[in-house]
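Data block below; observations after.
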């Protein structure tokens, strides 16, 4: 007997019509936008009073500057494609090619430009003689003679580099990079999380240097970067504007205390922590769910609904403080340290782990700042031993951290900077912006996503899952949303 078309329509499952996104950083905004473009009614809730997360803006001495991320890696088309969709392609700019420096105990030297994560692709390069010395270079060259199996089983960047190239390369080249970018020690950094494919290339090519060089050529993460004229904060601003155009309901100051299945209809519901301003507690709903918060929050909220995910709770990320200084300082016109410096942990006379000379790095910042005026940003939050708490600098009051930053900037840039040359300053603090990608992190992410596969109407996105950086976050978020939509019968194609 043939079933009538009408009966087929009545028995076919209805496609979801609504979606709920928890978290309003770039991952959450991108997810909400793509869900809305597929035709769903989307609600996005964000705990803070603004959207964009670590891709935001602040005003210092009349200048609107990036308060977090200032660039994106050009290793993939993920971010450029999104910028094109948002009408921002004409604002893409590249940094000054002068490059960065390393601050070592004996002084500042230009940073080697080959390899990845500070791992040199060519240990015979002349530029390595200053930071490594004769003995360090000789030990690094042994990498080419060692069997490929040496170090291949190491799970951390520190263990891998130490086994292949020695302690000097680790201390002088890799640790400043890792500490500056990830605020952790290489011995606590999961090699597969931050450099996917590095160990496989080592086994294939026979040396860590060759593997690092191959990764840089094929996927130059962090080496080839671009930004936006006006700042990366324009990406968050345009994502919000486009989400509003598509009808997304955007809600701030919505601190989710609980996640549950909606007992009255298919899908999910989140319950808001009691608002402090007297408003009634609100409930937000959606048939599809995308969690776009930090790792510990996502696992905590999903743990009551999804079996096993609580077994994969990541560690909380490091605390970081960014001190931005606007200086009236003609002596910096020559950009004495290129676009900035990464600082060795062995340097004791300064406490910053990195400095960016923004007016030397970005033409648009120099244009907006004006003649002889300079913007420098110092990053605090050096790696500390596990369980010892945050580095002491990040706990300082703003005025004391700004005073410390002035002294550090003068030492790092090699230019006397007096307090009266400070035109304006601001401190931005991040507690969950960077995921803690310690050894075993990749395995926890794999396990978490395997457990979440049993929940066909939910997805999770964010840097703790995709890896650090806008390129990784945007690519993974759009992939996860497409997968979620395809499972429910939506006709989607890669953007």
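A short reminder: the numbers here are calculations on the coordinates, not readings from a lab. Quick caveat, the model's predicted, so the values are computed rather than measured. FYI the Cβ positions are ideal-geometry reconstructions off the backbone, even for glycines, and counts take in every protein chain you see.
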For a quick protection proxy, order the peptides 363-372, 322-331, 47-56 by their average other-Cβ count within 10 Å, most packed first.
322-331, 47-56, 363-372
Rounded to 5, the percent of DSSP beta bridges in the chain classed as antiparallel
70
What do you get for the angle between helix 398-413 and the principal long axis of the chain? Use alpha-carbon atoms, 0 to 90 degrees, nearest ten.
50
Ordered by fewest other Cβ atoms within 10 Å, a rough proxy for footprinting exposure, 235, 259 read 259, 235
Below 8 Å, C-alpha to C-alpha, sequence gap of six or more: please give me the relative contact order for the chain in percent.
23
What value does region 229-357 have for Rg/Rh, both radii from Cα atoms and Rh as Kirkwood defines it?
1.12
Roughly how compact is region 114-222, stated as its Cα Rg over 2.2 N^0.38 Å to two decimals?
0.93
What percent does the relative contact order of region 114-222 come to when contacts are Cα pairs within less than 8 Å and at least six residues apart?
37
0 to 90° range, to nearest 10: angle between helix 208-218 axis and the chain longest Cα axis:
60
Per the Cauchy relation, a quarter of the hull surface: what is the mean projected area of the convex hull of the alpha carbons in the chain, in nm²?
26.8
Cα gyration tensor of region 359-421, axes a ≥ b ≥ c as square roots of the eigenvalues: rounded (a/c below 1.5), prolate (a/b > b/c) or oblate?
prolate
What one gets for region 126-185 as the Kirkwood radius, inverse of mean 1/r over different Cα pairs in Å, is 11.9
Highest to lowest packing among 142-152, 195-205, scored as the average C-beta count within 10 Å
195-205, 142-152
Expressed in nm², what is the orientationally averaged projection area of the convex hull enclosing the Cα positions of region 21-75?
5.2
So what are the radius of gyration and Dmax for the Cα set of region 108-161, in Å?
11.8, 35
May I ask for the angle, rounded to the nearest 10°, between helix 129-141 and the longest principal axis of the chain, with both axes built from Cα atoms and the value confined to 0 to 90°?
70
Points 7 angstrom from Cα along the Cβ direction at residue 310 and residue 251: gap in nanometres?
2.5
Tell me what the chain gives for mean residue ellipticity at 222 nm when only DSSP H runs of n ≥ 4 count, each as -39,500 (n - 2.57), the sum divided by the residue total, rounded to 500 deg cm²/dmol.
-9500 deg cm²/dmol
By the C-alpha gyration tensor axes a ≥ b ≥ c (rounded if a/c is under 1.5, else prolate when a/b exceeds b/c, else oblate), the shape of region 163-230 is oblate
Please give the peptides 474-486, 350-362, 239-251 ranked by average Cβ packing (other Cβ atoms within 10 Å per residue), highest first, as a rough proxy for protection.
350-362, 474-486, 239-251
Can you give the three extents of the C-alpha atoms in region 1-144 along their principal axes, from longest to shortest, in whole Å?
84, 53, 31
